[in-house]
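The values are calculated or read from the model by the stated rules, or taken from the named source; none is laboratory data. Everything numeric here is computed off the predicted structure, so don't read it as measured data. So basically every Cβ, Gly included, is an ideal-geometry build from the backbone, and we count neighbours across all protein chains shown. Just the protein is used for accessible areas: all its heavy atoms, side chains included, with ligands, DNA and RNA removed. Shrake-Rupley method; radii C 1.70, N 1.55, O 1.52, S 1.80 Å.
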Amino acid sequence: MGRIRDAVVTGARAVRRIPIPSTLTHQALREARSPQPPGHVLKSHAIEPEMVGRTRTVWLDEHRADNGIIVFLHGGAYVSGPFTSDWAWLSRQADARDCAGLMIDYRNAPDHQHPVARDDVEAALAALVADGRLDGRRWVLAGQHSGGGLALVIARRLRETGAVPAPSAVIAMSPWLDLELTNSGITETDQIDPVHERRLLRGAARRYAGRTSLDDPDLSPINGSLAALPPIHLSVGLRDLFLSDVRVARLQLEENGAELSYREISGRLGLQLIPRKGEDIERLHREQAELLARALAPGS
């Protein structure tokens, strides 16, 4: 593991910025949360909130679930989310496939600590199985930032337990794979106050992990097995703090013979409060749509 990590660390010049207190940043993140879909998503889909135990979920066009289901886990460093960018991605891809989308609004720190997010997702999936809503239907698990890391945790646990049918594919966008933030190059990958961002993420990790060690594979999936997972699309921005960790994950997945699509884009991808635009993002969306088309195709 150490050799792989060292091999993929890259350097870039860090720019010093005046730090903002992390408590204010966490407050801003919580206020940026979009528990209801934005207007353009509300207009495009039949929206159906549903409580599963204590977990809030939101359906986009559940009536199209026979065409497949995209289950989405939002970003927000386990202290916030979903954001407009989460809703926009799910809306776009569900529209493209004429299928249903399901946002699992797992509970966040500081009010809720590990393993609440993991348990919320597993409870929602178990409820779908119990209700027969996964019977004969194909589904894909997707997420970005903390949700991307959580998606890999869930995929691994589903492989181990078999309690829920495995997803046909996993899409992880700039996933947070290591809550310890042990990568020595992590402050070297962004030109916009990376030191402060690392401080923010360390605070968020401590708030969510509680008494659980940050190296636990259910918090930091890079420390768990990435073998025998469904087909995966993995992506990251060249200015994302998680760049080196995602490159490590790519090598591990390739060594395990995973069916992997991989994309690095210019600029940032992770922790988006609003959707990004541009040629890179359009290319990324096309690749993700291609995997969704294969994964959700009848009889595939």
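Things to note:
- Some residue of segment 235-257 being in contact with a Gly (Cβ under 6 Å, 6 or more places away or on another chain) and open to solvent by 40 Å² or more (accessible area, probe 1.4 Å): yes
- SER174 being within 17 Å of ALA295 (Cβ to Cβ), at pLDDT 95 or above, hydroxyl-bearing (Ser, Thr, Tyr) and in contact with a strand residue (DSSP E or B) (Cβ under 9 Å, 6 or more places away or on another chain): no
- Segment 207-219 residues that are under 15 Å from ALA117 (Cα atoms) and touching a residue at least 40 places away in the same chain (Cβ under 8 Å), paired with ones that are among the aromatic types (Phe, Trp, Tyr) and open to solvent by less than 50 Å² (accessible area, probe 1.4 Å) (beta carbon under 6 Å, 6 or more apart): TYR208/TYR78
- Filter result (touching a strand residue (DSSP E or B) at 6+ places or on another chain (Cβ under 8 Å) and of a type in the set (Val, Ile, Thr)) within segment 105-133: VAL121
- LEU273 vs. criteria under 23 Å from GLU197 (Cβ atoms) and open to solvent by 30 Å² or more (accessible area, probe 1.4 Å): yes
- Put simply, of LEU201, LEU234, LEU284, LEU241 the only residue that is under 20 Å from ASP86 (Cα atoms) and at pLDDT below 90 is LEU241.
- Residue in segment 38-57 that is surrounded by fewer than 24 Cβ atoms within 10 Å (Cβ to Cβ), modelled with pLDDT of 95 or more, within 19 Å of the chain's Cα centre (by Cα) and within 30 Å of PHE242 (Cα to Cα) present: yes
- Among residues of segment 7-34, those that are open to solvent by 50 Å² or more (accessible area, probe 1.4 Å) and at pLDDT 75 or above, counted: 1
- No other residue among LEU271, LEU291 is part of a loop (DSSP other than H, G, I, E, B) and touching a His at 6+ places or on another chain (Cβ under 6 Å) apart from LEU271.
- Any hit, segment 242-256, residues being part of a loop (DSSP other than H, G, I, E, B), in contact (Cβ under 8 Å) with a residue 12 or more places away in the chain, in contact with a strand residue (DSSP E or B) (Cβ under 7 Å, 6 or more places away or on another chain) and not basic (Lys, Arg): yes
- Scanning segment 135-160 for residues that are modelled with pLDDT under 95 and either under 25 Å from THR84 (Cα atoms) or touching a helix residue (DSSP H, G or I) at 6+ places or on another chain (Cβ under 9 Å) (or both) yields ASP135, GLY136.
- Cβ-Cβ under 6 Å pairs, at least 6 apart or on other chains, segment 148-170 side open to solvent by less than 20 Å² (accessible area, probe 1.4 Å), far side part of a helix (DSSP H, G or I) and not hydrophobic (A, V, I, L, M, F, W, C): GLY149/PRO221; LEU152/PRO221; VAL153/PRO221
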